[in-house]
Amino acid sequence: MILVTGATGLLGSHLTAALLLQNKKVRALYRDKSKIENTKQILSYYTNDTENYFSQIEWFEADVTDYFSLQEPVTGVTEVYHCAGLVSFDENDSKQLYAVNAEGTTHVINTCLEKGVQKFCHVSSVATLQVQTHKKYIDEFSVWKTASGNSSYAITKYRGEFEAWRGAAEGLNVLVVNPSLILGAGCWGQSSTQLITRCYKGLPVYTEGITGYVDARDVVICMIKLMDENKFGQRYILNAENCSFKEVTHQLQKNFGKPTGKIKAGRFLLNAALMADAARSLFTQKKPSINKNTIQTLQSKSYYDNAKVCAALGFRFRSVNESLAYVADLYKEYKSSHFVIVTR
C-alpha cells in the first residue's frame, strides 16, 4: 500500500493519477474534502476511465500538523510520498509555513518510523538550494546558507528536509527530490498555476529573472522510478530547463492568443507595484498579491543542473514549450466548460 500526503494538491494529484495507472494501491490524505475534486479532475487528464480509477483510491481525512490524525492512515503502508506542503512567499504566513512544512514533516517521519514504513520520498524544493560563489549552476551539492534574505518558505522547506534526513539516520529509507517551478494542469489558480491564470487574464509586464521549470508529469515519473529503483540516501534536482520569466510568460500568452507583455518591470516599477498593492490590500482587506520575496524571485537569476537524475534514471525531460502548450490547452478547455474529461 502506498500513501500520498497532499493528494489533493497539484503535485499530489498528478502523482496519485500516475500511481493508479500503474495499478498500484493508493491511500490518499485530504484535509479539505471539497478539494478531492482536484484529484478527480487531474485524473481525467490521464484516462477516460476516470470513475473506475478514482473509486480505487482509499481516502483518509488527516492533517500533517496533527500527529494523531496520521496514525490510522499510515498503518499498513509500505511506501510514503510526502507531497503535502504550503507554498507562500508572504512572511505573514510564517507560522503556518513552519507548522506545515517543518513540524508537519516531523509528524509524518515519526509516524513512518513507528509504523515500519519501508520507503519514503520527500518532496522539497529548489528553494533550499543556493548559488555557490564558484558555480553558475546549482546542483545537489549546493549547500544551504543562513542569511537574512531567506524567505520563510525556503527556511521551512529546509527544516522539512532536515527532518527527512533525520528519519534516514534513524533507519528509514529516504530520498529527497527538489523540483523547480512545476508546470502542471489542474488546481487552477493555486500555487504555481497562478502563472497560467495571470497570463490568460493578461499580463502587460515582464521581468528578466531566470529560474527552472519542470513538467508535473515528469516530476511524478522521476519520483516513482527513484522509489522503485531504491535510490535512497540521495537528493535529486528535478528541472527541465532554465528560462527567463519573459520567455515563459510570452510563450503562454502566445498559446492563449493574448498580447505579450511589453513593459519591462525593473526594481523601481516592482517596488511601485508593491506599494500600490499594499494600499489596495489595506482598503479591500484582501491579501497582497506581491511582496518583497516575490520581487526578489522575479529579479534573481538561478540556473539548476539536472544531470544527476538524468544519469541515474536515463531520463529526458519534456521541453518547457511542450509543457506550456499542454497546460494552456487544458486551461482553455477548463475555462470553456469548467470540467472536461479528456485524455492526454
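Looking at (1) more than 22 Å from Val174 (Cβ to Cβ); (2) without any contact (Cβ under 8 Å) to a residue 60 or more places away in the chain, which is the only condition Tyr67 fails?
Just one mismatch for Tyr67, condition (1).
Within the range 99-127, work out how many residues are in contact with a helix residue (DSSP H, G or I) (Cβ under 7 Å, 6 or more places away or on another chain) and more than 26 Å from Val77 (Cβ to Cβ).
Of the residues in the range 99-127, 1 are in contact with a helix residue (DSSP H, G or I) (Cβ under 7 Å, 6 or more places away or on another chain) and more than 26 Å from Val77 (Cβ to Cβ).
Can you report the number of residues in the range 173-184 which are touching a Lys or Arg at 6+ places or on another chain (Cβ under 8 Å) and crowded, with 20+ Cβ neighbours inside 10 Å? Full working, then the answer.
Step one: filter the range 173-184 for residues touching a Lys or Arg at 6+ places or on another chain (Cβ under 8 Å), giving 173, 175-178, 184.
Now drop any that are not crowded, with 20+ Cβ neighbours inside 10 Å, which leaves 175-178, 184.
So the answer is 5.
Determine whether the range 49-58 contains at least one residue that is touching a Ser or Thr at 6+ places or on another chain (Cβ under 6 Å) and touching a residue at least 60 places away in the same chain (Cβ under 8 Å).
Yes, because at least one residue in the range 49-58 is touching a Ser or Thr at 6+ places or on another chain (Cβ under 6 Å) and touching a residue at least 60 places away in the same chain (Cβ under 8 Å).
Within the range 81-98, restricting attention to residues that are within 27 Å of Lys24 (Cα to Cα) and either of a type in the set (A, V, I, L, M) or free of Cβ contacts under 8 Å to residues at least 12 places away in the same chain (or both), which residue is surrounded by the most Cβ atoms within 10 Å (Cβ to Cβ)?
So the first thing to find is which residues in the range 81-98 are within 27 Å of Lys24 (Cα to Cα), and the list is 81-86.
Add one more test, that the residue is either of a type in the set (A, V, I, L, M) or free of Cβ contacts under 8 Å to residues at least 12 places away in the same chain (or both), and what stays is 84, 86.
Numbers: Ala84: 27, Leu86: 21.
Selected residue: Ala84.
Rundown of residues vs (1) acidic (Asp, Glu); (2) over 19 Å from the mean Cα position of the chain (by Cα); (3) within 14 Å of His82 (Cα to Cα); (4) modelled with pLDDT of 95 or more, yes/no style:
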position: Ile2; (1), (2), (3), (4): no, yes, yes, yes
position: Leu15; (1), (2), (3), (4): no, no, yes, yes
position: Ala18; (1), (2), (3), (4): no, no, no, yes
position: Arg27; (1), (2), (3), (4): no, yes, yes, yes
position: Lys33; (1), (2), (3), (4): no, yes, no, no
position: Asp49; (1), (2), (3), (4): yes, yes, no, no
position: Asn52; (1), (2), (3), (4): no, yes, no, no
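So, restricting to strands (runs of 3 or more DSSP E) that lie completely within the range 41-130, which ones have at least 1 residues that are of a type in the set (A, V, I, L, M)? Steps first, please.
Numbers: elements: 58-61, 79-82, 119-123.
Ranges flagged: 79-82, 119-123.
Restricting to the range 254-263, and then to whatever is within 27 Å of the chain's Cα centre (by Cα) and either modelled with pLDDT under 75 or closer than 22 Å to Ser300 by Cα (or both), can you tell me which residue is surrounded by the fewest Cβ atoms within 10 Å (Cβ to Cβ)?
Thr260
How many residues are without any contact (Cβ under 8 Å) to a residue 60 or more places away in the chain and surrounded by 20 or more Cβ atoms within 10 Å (Cβ to Cβ) if we restrict to the range 18-39?
So the first thing to find is which residues in the range 18-39 are without any contact (Cβ under 8 Å) to a residue 60 or more places away in the chain, and the list is 20-21, 23-37, 39.
If we keep only those that are surrounded by 20 or more Cβ atoms within 10 Å (Cβ to Cβ) too, we end up with 20, 26-30, 39.
Counting residues in the range 18-39 that are without any contact (Cβ under 8 Å) to a residue 60 or more places away in the chain and surrounded by 20 or more Cβ atoms within 10 Å (Cβ to Cβ) gives 7.
Does the range 131-153 hold any residues that are farther than 20 Å from Val174 by Cα and surrounded by 18 or more Cβ atoms within 10 Å (Cβ to Cβ), and which are they? If you could, list the steps in order and put the result at the bottom.
Initially, the range 131-153 is screened for residues farther than 20 Å from Val174 by Cα, giving 131-138, 145-153.
Ile138, Ser151, Ser152, Tyr153 - these are the residues of the range 131-153 that are farther than 20 Å from Val174 by Cα and surrounded by 18 or more Cβ atoms within 10 Å (Cβ to Cβ).
Taking into account only those residues within the range 138-197 that are within 28 Å of Val248 (Cβ to Cβ) and among the basic types (Lys, Arg), which is farthest from the chain's Cα centre (by Cα)?
Ranking the qualifying residues of the range 138-197, first place goes to Lys145.
Quickly run through the range 107-120 and pick out the residues that are surrounded by fewer than 19 Cβ atoms within 10 Å (Cβ to Cβ) and more than 18 Å from Met227 (Cα to Cα). Break it down stepwise before answering.
From the range 107-120, those surrounded by fewer than 19 Cβ atoms within 10 Å (Cβ to Cβ) are 110, 113-116, 118; that's our starting set.
Listed by number, the residues that qualify are Asn110, Glu114, Lys115.
Please state which one of Val126, Val117 is in contact with an Asp or Glu (Cβ under 8 Å, 6 or more places away or on another chain) and under 25 Å from Val220 (Cβ atoms). I'd like the intermediate steps shown before the answer.
Values: Val126 fails: in contact with an Asp or Glu (Cβ under 8 Å, 6 or more places away or on another chain).
Sole residue among the options that is in contact with an Asp or Glu (Cβ under 8 Å, 6 or more places away or on another chain) and under 25 Å from Val220 (Cβ atoms): Val117.
List every residue pair whose Cβ atoms sit under 8 Å apart, with the two residues 6 or more apart in sequence or on different chains, where the first one lies in the range 235-253 and is under 30 Å from Ala164 (Cα atoms) and acidic (Asp, Glu) and the second, anywhere, is buried (at least 19 other Cβ atoms within 10 Å of the Cβ) and at pLDDT 90 or above.
Once the first residue is under 30 Å from Ala164 (Cα atoms) and acidic (Asp, Glu) and sits in the range 235-253, its partners that are buried (at least 19 other Cβ atoms within 10 Å of the Cβ) and at pLDDT 90 or above give Glu241/Gly212; Glu241/Tyr213; Glu241/Phe317; Glu241/Val320.
The values are calculated or read from the model by the stated rules, or taken from the named source; none is laboratory data. Quick caveat: nothing in here was measured; it's all calculated off a predicted structure. Glycine also receives a Cβ, built like all others from the backbone with ideal geometry; neighbour counts cover every protein chain displayed.
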